[in-house]
Amino acid sequence: MMALLELSNVTKRFGGILVTNCLTFGVDEGEIVSLIGPNGAGKTTLLNLITGLYAPDSGDIIFAGQSLVGREPHDITKIGIARTFQTLRLFLNMSVLENVMSAAFPRTHANMAQIVLRTPGFRREERRIRQMAEEKLAFFGERLQGYRLDQPAYSLSYANRRRLEIARAMMTEPKLLLLDEPAAGMNPNESLEVTELIGKLRDEAHLTIILIEHDMSVVGGISDRVIALDHGEKIAEGTFEHVAQHPAVVEAYLGRKKTGKLTPGPAPQAERGGDL
Ligand SMILES: Nc1ncnc2c1ncn2[C@@H]1O[C@H](COP(=O)(O)OP(=O)(O)OP(=O)(O)O)[C@@H](O)[C@H]1O
Ligand SMILES: [Mg+2]
C-alpha cells in the first residue's frame, strides 16, 4: 500500500545553506508521526515545503498519489492538507466563532458580489458555515463553547488560542493535519489535554497527523513513529523510545542546548495570557 504522504529526496537551500537535506519518509493513513530535533533543525521548513509555501530545490512530495511540487498553497489546502502555525495566526479582534468561520473561505461557493449584496444564496451559505464551525468547535468539549463562541480571540488563554487554531485548520476538512508545536507554552496538564486531543483527532475525526513538538511528554504519549532531524537531515526514525535514546539524537540535543536531556517533560513556558 502506498503511503498517504511520501517525501523522496527532498532538498531545500536558503542562500547556500542546506535546510532540508535529501529527506525521504512516508506517512501512512491514520498514523501520527512526530518530527523532533533541536531549534533550527528544519522542522517548520518541512511543513512549509509540504504546504507549498516553499518549493523544494529537488525531490518530490506525493500526497494521495499526486505531486504537490509546484502547486499553490490554497490548492494544497483544497486537496486535503491543513496546518497550524508555530506563531499563532488568529484574528484577535474577531470572535471565536468568526475565527473558525473565516477559515472555511477556500471551501465556500459564494462569490464577492453575493457576499457584498448578502443574497439569499450567500445567507444560506453563511448558515451552513456557521453550523460547520460550531460542529468543529464542539470537538474541543466545553473549552470553546457557550459564551466563549462570541468572545474575541484576544480574551482566550494561550492554550485556548492554540485549540482555536486547530479548530480553524479542521474547517478545511483535511485528511492530513500538520501541527507545529501545538503544546508550546502549555503547562503539564494542558499538554496532557493536547495529547488526548491529538489522539481524538485521529480516532474520531480520522485524520492523519504530522506533529512537530518539543514537549517530549506529548511526543512520547501519542506518536506511532518519531523522526528526528538535525541540520535538515533525518538522524533517526522509529518508536519514541528508540529515537529518544539514539546516540545521534542525544548528541544533537547535547550540542545545541547543553542540557543533554531528552526525557519526557514539559517544554519551557512561553508567554501566556489568561482567559478574561
Ligand atoms: N525563509 C527563510 N529564509 C532563510 N532561512 C530560513 C528561512 N526559513 C527558515 N530558514 C532557516 O532554516 C533553518 C531551519 O529553520 P526552521 O524554522 O525550519 O527550524 P525548526 O526546526 O522549525 O526550529 P524551531 O524548533 O526553532 O522552530 C534555520 O537555520 C532558519 O534560520
Ligand atoms: Mg519551527
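Return yes or no: is Leu144 modelled with pLDDT of 95 or more and surrounded by 14 or more Cβ atoms within 10 Å (Cβ to Cβ)?
Details: modelled with pLDDT of 95 or more: no; surrounded by 14 or more Cβ atoms within 10 Å (Cβ to Cβ): yes.
No.
Of these, Lys261, Lys257, Lys234, which one is closer than 18 Å to Ala41 by Cβ, basic (Lys, Arg) and at pLDDT 95 or above? Outline the logic, then answer.
Details: Lys261 fails: at pLDDT 95 or above; Lys257 fails: at pLDDT 95 or above.
Answer to the selection: Lys234.
Determine whether Arg148 is in contact (Cβ under 8 Å) with a residue 12 or more places away in the chain and over 14 Å from Ala82 (Cα atoms).
Taking the combined requirement at face value, the residue satisfies it.
Just checking: which of the strands (runs of 3 or more DSSP E) contained wholly in the stretch 197-261 hold 2 or more residues that are open to solvent by 70 Å² or more (accessible area, probe 1.4 Å) and either among the charged types (D, E, K, R) or within 14 Å of ligand 1 (Cβ to nearest atom) (or both)?
233-238
Each row is one residue, and each column tells you yes or no for (1) more than 21 Å from Lys136 (Cβ to Cβ); (2) among the polar types (S, T, N, Q).
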site	(1), (2)
Gln151	no, yes
Arg163	no, no
Leu179	no, no
Gly199	no, no
Glu213	yes, no
Ser217	yes, yes
Asp224	yes, no
His231	yes, no
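Evaluate the following for Ala41: is it surrounded by fewer than 20 Cβ atoms within 10 Å (Cβ to Cβ), within 15 Å of ligand 1 (Cβ to nearest atom) and either part of a loop (DSSP other than H, G, I, E, B) or at pLDDT below 95 (or both)?
It is false that Ala41 is surrounded by fewer than 20 Cβ atoms within 10 Å (Cβ to Cβ), within 15 Å of ligand 1 (Cβ to nearest atom) and either part of a loop (DSSP other than H, G, I, E, B) or at pLDDT below 95 (or both).
For the stretch 55-69, indicate whether the set of residues that are away from ligand 1 (no atom under 15 Å from the Cβ) and assigned to a helix (DSSP H, G or I) is non-empty. Before the answer, list the steps.
Let us first name the residues in the stretch 55-69 that are away from ligand 1 (no atom under 15 Å from the Cβ), namely 58-69.
If we keep only those that are assigned to a helix (DSSP H, G or I) too, we end up with none.
The answer is no; no qualifying residue exists.
Regarding the stretch 85-98, can at least one residue be identified that is within 16 Å of ligand 2 (Cβ to nearest atom), among the β-branched types (Val, Ile, Thr) and open to solvent by 10 Å² or more (accessible area, probe 1.4 Å)?
yes
Scan the stretch 171-196 for residues that are within 14 Å of Ile81 (Cα to Cα), at pLDDT 95 or above and open to solvent by 10 Å² or more (accessible area, probe 1.4 Å) and jot them down.
Pro174, Lys175
Being free of Cβ contacts under 8 Å to residues at least 60 places away in the same chain and either open to solvent by 50 Å² or more (accessible area, probe 1.4 Å) or among the hydrophobic types (A, V, I, L, M, F, W, C) (or both): is that true of Glu72 here?
Against the criterion (free of Cβ contacts under 8 Å to residues at least 60 places away in the same chain and either open to solvent by 50 Å² or more (accessible area, probe 1.4 Å) or among the hydrophobic types (A, V, I, L, M, F, W, C) (or both)), Glu72 qualifies.
For Gly16, state whether it is within 13 Å of ligand 2 (Cβ to nearest atom), open to solvent by 40 Å² or more (accessible area, probe 1.4 Å) and either more than 30 Å from Glu204 (Cβ to Cβ) or free of Cβ contacts under 8 Å to residues at least 60 places away in the same chain (or both).
No.
Among the numbered conditions (1) modelled with pLDDT of 90 or more; (2) surrounded by fewer than 18 Cβ atoms within 10 Å (Cβ to Cβ); (3) farther than 24 Å from Gly220 by Cβ; (4) more than 17 Å from the chain's Cα centre (by Cα), tell me where Met101 comes up short.
Unmet condition: (2).
The values are calculated or read from the model by the stated rules, or taken from the named source; none is laboratory data. Everything numeric in this text was worked out from a predicted model, so none of it was measured. All Cβ positions, even for glycine, are placed from backbone atoms using ideal geometry, and neighbour counts span all protein chains on display. The area values use the complete protein model at the heavy-atom level, side chains included, leaving out ligands, DNA and RNA. Shrake-Rupley method; radii C 1.70, N 1.55, O 1.52, S 1.80 Å.
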